[in-house]
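Right, one structure below, let's go through it.
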């Protein structure tokens, strides 16, 4: 298969290959690459895709990929690069009369305009006769000078590697601005940033015809991004105020319906409800194509479930106040207790195993203590296969975006496997407050 | 709240387990609103196997909404069926009212289209 150059955005390195794999499955485009050979220090990954059209399709929804280019050459020096480019001169004919544009970028070093022009002129051997167009050129070429990152105060003089290709497709990083939380009509203090909310929609394979559910919806970020990509979405939360808009940073806008209107996804954000996921009213059976969620770690948002410390006192429901039984009063709010992190996660897996269709995905964030984490900490379940585990580090703690696929119909009540030792996310809240700097 | 969501919810009060009584929940004193939505046939066809048709039939009858008695053999080609289904489950919103469980009597209130399905202390 022909070779292509993927140019990644300079962030969320650990999420790149996971997103690429998700897009490959989502778009039905096979992509071959050497994962073991890839280092996150490089913004470039060479891959094999069957055609330029497929390559463009593969990356069109990518949030972490800036562009995909037909591979024309690479080298440690321009001499090497030119030599490789010159091995396929018949390729140039197609572009002889076309308008064209060259983009020259330095990774790890800023190039001056003068340097860029010199690079472009060095490609004059291609003999393109068409006009140069900065906008809407018929052919666009990318030169990437990879200097790499160093701790040195001054960037290296010579690049580690040079890359050259014809850009055939771009990702969707422009959506980050569209979904920017600073522009969002309604948000809360745990609203996920736009970039990762969009990546999660890709990990979940959100697409037209699918139904996505978030059991810890908060202000509904994932309902929005998944609906943007054509999925229908539903959400729930134990805290109705976040949904209705009586808590959160911007009140008086009617809660998540303001966002639904802002992003024009009203037809696909199907509904939200208030309930405790650990005592949920969903009927039995496989209902959802994906579950996409950021469960409360117990830090900024206290993870809660229905119950009372030291046990429920059923009689309290029936205390009569102003002639009405307590639990029937309009202002009744049932008591809640802390919902410990490892229980949240293991319940989430059990729920996903039952309520996802086979082939459906669970995409969720797992908080973990950096120096205690072991891969075995990621909970497993017999009906779910672990597909991706990407770390977003915050120093002494991280959170990991976990993707699992339901591979088998799960008998109702089958449970997750018990870990050999307490995972690093157990009692995460206590560890966080006792050990880490505040965020 | 749309009828598609209602079709997926059952009563989950402790010991309320009679499947014929706990699902579907019965609407009470509801205020409905029809809001046009773009037809989403791919979604309708994919969801069909997951919809509990007898329950949907029962509920739409209670609300005086027209829906065919049975699902046609080729729903993806049946324009009339798809439009009726679309209107029923995606365009019909329950804005206010409640959902009653015929098994235990619990009343789940719906406010501004959002159902409150928290259970009281004696129900968990």
- From the set of residues in the stretch B:15-30 that are touching a residue at least 60 places away in the same chain (Cβ under 8 Å) and under 14 Å from the mean Cα position of the chain (by Cα), which is surrounded by the most Cβ atoms within 10 Å (Cβ to Cβ)? B:25
- Residue by residue through the stretch A:379-408, note down the ones that are surrounded by fewer than 19 Cβ atoms within 10 Å (Cβ to Cβ) and not in a strand (DSSP E or B). A:380, A:382, A:394, A:395, A:396, A:407, A:408
- Note on the structure: Selection from the stretch B:94-103 of residues farther than 21 Å from residue B:54 by Cβ and surrounded by fewer than 18 Cβ atoms within 10 Å (Cβ to Cβ) yields B:95, B:96
- Query: In the set A:305, A:329, which member is touching a strand residue (DSSP E or B) at 6+ places or on another chain (Cβ under 7 Å) and either at pLDDT below 90 or loosely packed, with under 13 Cβ neighbours inside 10 Å (or both)?
  - Reply: A:329
- Among helices (runs of 4 or more DSSP H) lying entirely in the stretch B:18-124, which contain 1 or more residues that are modelled with pLDDT of 95 or more and away from chain A (no Cβ under 14 Å)? B:53-62, B:79-86
- All positions within the stretch A:98-117 that are more than 18 Å from residue A:161 (Cβ to Cβ) and surrounded by fewer than 14 Cβ atoms within 10 Å (Cβ to Cβ): A:112, A:113, A:114, A:117
- Message: residue A:236 - would you say it is crowded, with 24+ Cβ neighbours inside 10 Å and touching a strand residue (DSSP E or B) at 6+ places or on another chain (Cβ under 9 Å)?
- Response: yes
- Query: For the stretch A:1-80, which fully contained strands (runs of 3 or more DSSP E) count at least 1 residues that are more than 21 Å from residue A:400 (Cβ to Cβ) and without any contact (Cβ under 8 Å) to a residue 60 or more places away in the chain?
  - Reply: A:44-48
- Note on the structure: Residue hits (the stretch A:217-233; surrounded by fewer than 24 Cβ atoms within 10 Å (Cβ to Cβ) and either within 11 Å of chain B (Cβ to nearest Cβ) or under 11 Å from residue B:114 (Cβ atoms) (or both)) are A:230
- Task: Could you tell me whether any residue of the stretch A:237-254 is within 14 Å of another protein chain (Cβ to nearest Cβ), free of Cβ contacts under 8 Å to residues at least 40 places away in the same chain and under 18 Å from residue B:8 (Cβ atoms)?
- Result: yes
- Query: Quick one: is residue A:190 within 14 Å of chain B (Cβ to nearest Cβ) and modelled with pLDDT under 95?
  - Reply: no
- Item | Breaking point among (1) touching a residue at least 40 places away in the same chain (Cβ under 8 Å); (2) touching a helix residue (DSSP H, G or I) at 6+ places or on another chain (Cβ under 9 Å); (3) surrounded by fewer than 18 Cβ atoms within 10 Å (Cβ to Cβ), for residue A:149 | (2)
- Limited to the stretch B:106-124, what total is found for residues that are under 18 Å from the mean Cα position of the chain (by Cα) and over 18 Å from residue A:331 (Cβ atoms)? 1
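The values are calculated or read from the model by the stated rules, or taken from the named source; none is laboratory data. All values reported here derive from a predicted model rather than from experimental measurement. Using ideal geometry, Cβ is built from the backbone for each residue, glycine included, and neighbour counts are taken over all protein chains shown.
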